[in-house]
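The values are calculated or read from the model by the stated rules, or taken from the named source; none is laboratory data. What you see is a predicted model, and the numbers here were worked out from it, not measured in a lab. Here the Cβ positions follow ideal geometry from the backbone for every residue, glycine too, while neighbour counts run over all protein chains shown. Ligands, DNA and RNA are stripped out before the accessible areas are found, and what is left, the full protein with its side chains, is counted by its heavy atoms. Shrake-Rupley method; radii C 1.70, N 1.55, O 1.52, S 1.80 Å.
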Amino acid sequence: MQVSTEQYDVRVVRYFVVAAVIWSIAGMFIGVVLAAQLYWPALNFDSEYIQFGRLRPLHTSGVIYGFVVNILMGTSLYIVQRTGQTRLFNRSLSWMVFWGWQLILLLALITLPLGYTTSKEYAELEWPVDILIVIVWVLYAVLFFGTIAKRKVQHIFVANWFFGAFIIVIALIFILNNLALPAYFMKSYSVFAGAQDAIVQWWWGHNAVGFLLTAGIIGMNYYFIPKLAERPIYSYRLSIIHFWGLVGFYTWAGTHHLIYSSVPVWVQNIGIVMSLILWLPSWAGAFNSAMTLLQNKQKLKTDYIMWFFMSAILYYCLATFEGPLLAIRWFNMLAHNTEWVIGHVHSGALGWVAMSGIAVFYYFIPRLWGKRGLWSNRLLKWHFWLAHLGVALYAIALWVAGIGEGYMWLTQQENGSLAYSFVEAMDFKAPWLFVRFFGGACFVLGLLLMAFNLYKTVSMTVEGSEDAQ
């Protein structure tokens with residue numbers, strides 16, 4: 001049974017996608033400000049509210065919870081309708097999820113610059129906001145799985161497998177990692193301490209990356225890449241292997257952040273082994289997506305949206321190579337706690353996640369508003385090259401800075417004293433921090449071009465067919 005487009009609930013999807021565009025620019029602009037502060041520390045203007053320690057969690061929360069969660073909620077609620085040939089389980093519930101999530105982001109925007117923080121990576125928001133997050137997330141889960149339950153086809157498309165996994169796993173690990181005893185309003189203390197706290201924190205921290213920034217984005221791409229390429233998924237069987245590989249091994253890899261720590265060695269070793277195994281499903285999934293695009297080589301030659309997707313796939317390969325590499329003890333000793341790690345994170349966050357999101361924005365938004373195409377393909381090309389220049393400068397600068405920094409920290413003189421001082425290491429990496437800032441600025445400039453192009457697109461008076469596929 002085929003359901004016509006008019007019968008789908010797309011209005012709330014539009015709101016989620018617009019919110020994602022806004023937060024992508026806001027979150028990454030704050031990142032550029034932080035990069036500038038690292039090179040020009042005076043740019044904090046001696047203000048407690050905009051100094052690095054308070055803006056940094058606002059940057060990560062804006063990108064992860066603002067940009068990524070909004071685009072995943074929006075696209076998942078669209079895809080589950082299309083692939084299930086049914087409307088949303090409850091329209092009122094979808095609006096509760098949307099406005100509830102925007103309230104959470106507003107509270108983050110207020111509380112983090114004021115210094116209310118748990119100080120836990122990617123989990124900085126205090127307990128009242130955490131409770132609200134859990135409530136909204138449960139409502140989102142009810143909405144998503146309720147829609148799957150009322151689907152009019154027997155098959156559950158593979159994208160929904162990935163969406164379902166990211167919803168369930170994030171709920172589980174977020175709640176456990178944020179278990180805390182409130183001391184008073186906006187202040188709490190974790191129920192875990194010491195090595196236990198570190199293990200639980202990086203079980204969360206790494207899998208927030210693994211399931212929000214990886215599994216969720218993969219689910220989104222498994223729908224939109226075949227649509228854009230006008231070809232079926234290269235290997236549906238491989239996509240299922242990709243799913244079970246990530247679910248089976250990713251959740252164990254977080255302790256590779258704790259190598260050379262007080263965490264038991266066998267726990268560290270589990271993280272190392274699972275990280276190395278992750279190479280297989282990650283690259284298998286990347287191969288599957290790349291081959292899907294390559295099935296339409298003629299369109300790939302000229303379609304810059306397909307190039308964005310292909311670039312995202314290549315950066316996914318790079319990021320999933322670097323992660324296991326950092327889990328190997330000899331390399332971890334050199335690179336951990338250096339700028340290399342920041343380069344690795346952003347080759348994934350900008351190269352994989354943001355490039356995927358940008359491609360979805362360009363493909364999805366015109367169709368969601370019933371337009372025939374983009375307002376300006378020239379601006380699309382400019383954005384493509386600005387984005388790639390930005391990511392390349394950003395990542396390469398921090399790789400060079402990180403390896404040099406790690407080498408200087410480890411080098412000893414014959415008597416065992418350090419050969420380089422901390423200040424000398426900072427002087428070495430200072431020029432590379434400027435390159436990092438410039439690369440980030442290029443990337444954000446590209447986002448501004450995208451926002452203008454998309455605004456002009458949805459404002460065009462010439463309407464296209466409302467197929468929104």
>> So if I check each of Ile365, Ile358, Ile396, which one is in a helix (DSSP H, G or I), of a type outside the set (Gly, Ala, Ser) and open to solvent by 30 Å² or more (accessible area, probe 1.4 Å)?
In response: Ile396
> Which ones in region 245-273 are open to solvent by 30 Å² or more (accessible area, probe 1.4 Å) and either modelled with pLDDT of 95 or more or over 23 Å from Trp352 (Cβ atoms) (or both)?
Replying inline: Tyr260, Ser261, Ser262, Pro264, Val265, Trp266, Asn269, Ile270, Val273
>> Given the condition farther than 25 Å from Lys120 by Cα, hydrophobic (A, V, I, L, M, F, W, C) and not in a helix (DSSP H, G or I), answer yes or no: does some residue in region 228-249 qualify?
In response: yes
>> With the structure loaded, tell me whether Ala229 is touching a residue at least 40 places away in the same chain (Cβ under 8 Å), among the aliphatic types (A, V, I, L, M) and surrounded by 21 or more Cβ atoms within 10 Å (Cβ to Cβ) or whether it fails that test.
In response: yes
> When you go through (1) assigned to a helix (DSSP H, G or I); (2) touching a residue at least 60 places away in the same chain (Cβ under 8 Å); (3) open to solvent by 10 Å² or more (accessible area, probe 1.4 Å) one by one for Trp375, which number turns out not to apply?
Replying inline: (1)
> For Ala36, all conditions in the list (1) surrounded by fewer than 21 Cβ atoms within 10 Å (Cβ to Cβ); (2) closer than 30 Å to Tyr222 by Cβ; (3) in contact (Cβ under 8 Å) with a residue 60 or more places away in the chain; (4) not hydroxyl-bearing (Ser, Thr, Tyr) hold save one; what is the number of the exception?
Replying inline: (2)
> In region 165-193, how many are open to solvent by less than 60 Å² (accessible area, probe 1.4 Å) and in a helix (DSSP H, G or I)?
Replying inline: 9
> Among helices (runs of 4 or more DSSP H) lying entirely in region 34-137, which contain 2 or more residues that are farther than 30 Å from Leu368 by Cβ and among the β-branched types (Val, Ile, Thr)?
Replying inline: 91-111
> If a residue has to be open to solvent by less than 20 Å² (accessible area, probe 1.4 Å) and either closer than 21 Å to Ser94 by Cβ or of a type in the set (Gly, Ala, Ser) (or both) to count, how many in region 115-136 make the cut?
Replying inline: 3
